[in-house]
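Peer 1: Okay, handing you the structure first.
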Amino acid sequence: MGSLLSVNDVMTCSEILSKTNVDTIWIPETWGMENFSMLSAISSKTSTQKIGSSIINIYSRSPST
């Protein structure tokens, strides 16, 4: 799921994918979508799928984050 989808679109797709045999849902960090928040939200919509972060921008976070 990429940057062309809105947050609501990603949530809807995750809910649909949770009813399939898809093994893993990957979420990149893109403009307007913070990765860890999206992974947390998606984890509430899936039951058997693994979730993964494909890209995380280390330059926009402080070292303590």
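The values are calculated or read from the model by the stated rules, or taken from the named source; none is laboratory data. Small disclaimer: the values here were computed from a predicted structure and weren't measured. No Cβ is skipped: glycine too gets one built from the backbone with ideal geometry, and neighbour counts run over all protein chains shown. Side chains included, ligands, DNA and RNA excluded: accessible areas come from the protein's heavy atoms. Shrake-Rupley method; radii C 1.70, N 1.55, O 1.52, S 1.80 Å.
Peer 1: Quick one: would you say G32 is on the phi > 0 side of the Ramachandran plot, among the small types (G, A, S) and out of contact with any helix residue (DSSP H, G or I) (no Cβ under 6 Å at 6 or more places or on another chain)?
Peer 2: Yes, satisfied.
Peer 1: Quick check on my filter: what residues within the range 15-36 are under 12 Å from the mean Cα position of the chain (by Cα) and either touching a residue at least 40 places away in the same chain (Cβ under 8 Å) or over 15 Å from L5 (Cβ atoms) (or both)?
Peer 2: Across the range 15-36, the qualifying residues are T24, F36.
Peer 1: For the range 1-43, which residues satisfy the criterion of being open to solvent by 70 Å² or more (accessible area, probe 1.4 Å), part of a loop (DSSP other than H, G, I, E, B) and more than 25 Å from R61 (Cα to Cα)?
Peer 2: Passing the criteria: K19, N21, D23.
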